[in-house]
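First comes the structure, then the notes that go with it.
The values are calculated or read from the model by the stated rules, or taken from the named source; none is laboratory data. If you're wondering where the values come from, they're calculated on a predicted model, not measured in any experiment. Methodologically, a virtual Cβ is constructed for each residue, glycine included, from the backbone with ideal geometry; neighbour enumeration extends over all protein chains shown.
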């Protein structure tokens, strides 16, 4: 009896696997992996949302009444970054589990759910209100449930990533609650979201940057010590960073939070110093990862200085983390993932290099604007224009790949 059940179970499993494979084969290429629609959505929303924000700051009338600064913050963190994280999440989990990725109609439905959140916030003029919160908050909940299902099937290796996605969804809901006046600290939601994303960059980047650098050095016969796997120092640095970010999210003006952020900045800089980024700087795909991590350390240091009362505007620190670390790391991971997952050469073409350069220059000019080295209107317009150009270059180079089959497939 037991043997028959096992045989029947294998038959059902094979049938489900065949169904998933058929669904992937029948789907258009853009729906054959989560990175395809969500990296495309992240870049498109980066262009649209920043373009709209710069236009409003330049004097064009807003689309309607609302708190558009709150909209800008929410859409950058939970819209743009949220889409990029989703593309990575839906790619990393099947890569680790060995199962087929979400594809076809279920993936299209998930993308439409993300889009519904963007439309709801745009029509409402920002976060707040039960209806908008429910529409926007449904997406991270569904995404976390998808990841949890895979984690339960294949073990708990993916649980930290699932937990971060769920916490990011809670932060999004808190941001809505703060805007609606339901949370005493109306900025807690976006601070928590920023803290979680920075922690995710430190965690994921701390694995990807040394790994890809080591691979490049090995291929190019570089001599000297290779970047190692994460060790006790890396784990200690992550504990310090996570504690510092959590403290800042809850007590943003506390001296203890500022000191902890300073310690986190030093700890993350220490990690990066061991990865031999200068040696591998000839490859833009590798260099971009190191630049993103450098922005992370710099942003933590600037935020520490701002909290401790130094001559650093808090907006400079926040944009070092957002326009610097987040945007650079997202471009670095998206470009590399797309090339790898579609079986193309890991080589940065002219549009890729242009995207990296433009986003870096845009972040630097946004910092200069925060320090009053540029006039506000000019600085916002130019830095925003460079951001739009960076993600426009990404779309020009990678949208055709996202709509095309993997090399060797039809």
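Some observations on this one:
- So residue 65, is it assigned to a loop (DSSP other than H, G, I, E, B), modelled with pLDDT of 95 or more and closer than 21 Å to residue 55 by Cβ: no
- In the stretch 105-112, the condition of being assigned by TED's automatic domain parsing to the domain that holds residue 79, touching a helix residue (DSSP H, G or I) at 6+ places or on another chain (Cβ under 8 Å) and part of a loop (DSSP other than H, G, I, E, B) is met by no residue.
- Whether a residue is surrounded by fewer than 23 Cβ atoms within 10 Å (Cβ to Cβ), within 19 Å of residue 187 (Cβ to Cβ) and out of contact with any strand residue (DSSP E or B) (no Cβ under 6 Å at 6 or more places or on another chain) was assessed, and residue 279 does not pass this test.
- Unique match (being surrounded by 23 or more Cβ atoms within 10 Å (Cβ to Cβ) and out of contact with any strand residue (DSSP E or B) (no Cβ under 7 Å at 6 or more places or on another chain)) among 194, 166: 194
- For the stretch 331-351, the tally of residues that are under 15 Å from residue 290 (Cβ atoms) and outside any loop (DSSP other than H, G, I, E, B) stands at 5.
- Applying the set (1) surrounded by fewer than 24 Cβ atoms within 10 Å (Cβ to Cβ); (2) at pLDDT 95 or above; (3) within 23 Å of residue 106 (Cβ to Cβ) to residue 29 leaves exactly one unmet item: (2).
- Cβ-Cβ contacts under 9 Å between residues 6 or more apart (or on different chains), taken from a first residue in the stretch 205-221 that is outside any helix (DSSP H, G or I) to a second residue that is modelled with pLDDT under 90 and surrounded by 22 or more Cβ atoms within 10 Å (Cβ to Cβ), are listed as 220/280.
- Residues considered: 223, 213. Of these, the only one that is surrounded by 22 or more Cβ atoms within 10 Å (Cβ to Cβ), at pLDDT below 95 and over 25 Å from residue 243 (Cα atoms) is 213.
- From the options 273, 267, residue that is in contact (Cβ under 8 Å) with a residue 24 or more places away in the chain and either out of contact with any strand residue (DSSP E or B) (no Cβ under 9 Å at 6 or more places or on another chain) or surrounded by fewer than 21 Cβ atoms within 10 Å (Cβ to Cβ) (or both): 267
- Out of 278, 312, 266, sole residue that is in a helix (DSSP H, G or I) and either farther than 27 Å from residue 91 by Cα or at pLDDT 95 or above (or both): 266
- Residues (at pLDDT 95 or above and either not in a helix (DSSP H, G or I) or not assigned by TED's automatic domain parsing to the domain that holds residue 76 (or both)) located in the stretch 127-177: 127
- Single match in 332, 317, 306 (criterion: modelled with pLDDT of 95 or more and under 22 Å from residue 83 (Cβ atoms)): 332
- Within this structure, residue 180 passes the test of being in contact with a helix residue (DSSP H, G or I) (Cβ under 8 Å, 6 or more places away or on another chain) and more than 14 Å from residue 73 (Cα to Cα).
- Restricting attention to the stretch 130-147 and to residues that are farther than 17 Å from residue 163 by Cβ and touching a helix residue (DSSP H, G or I) at 6+ places or on another chain (Cβ under 7 Å), the residue that is surrounded by the fewest Cβ atoms within 10 Å (Cβ to Cβ) turns out to be 138.
- Candidates 384, 375, filtered to the one that is outside the structural domain of residue 36 (by TED's automatic domain parsing), under 20 Å from residue 57 (Cβ atoms) and surrounded by 15 or more Cβ atoms within 10 Å (Cβ to Cβ): 384
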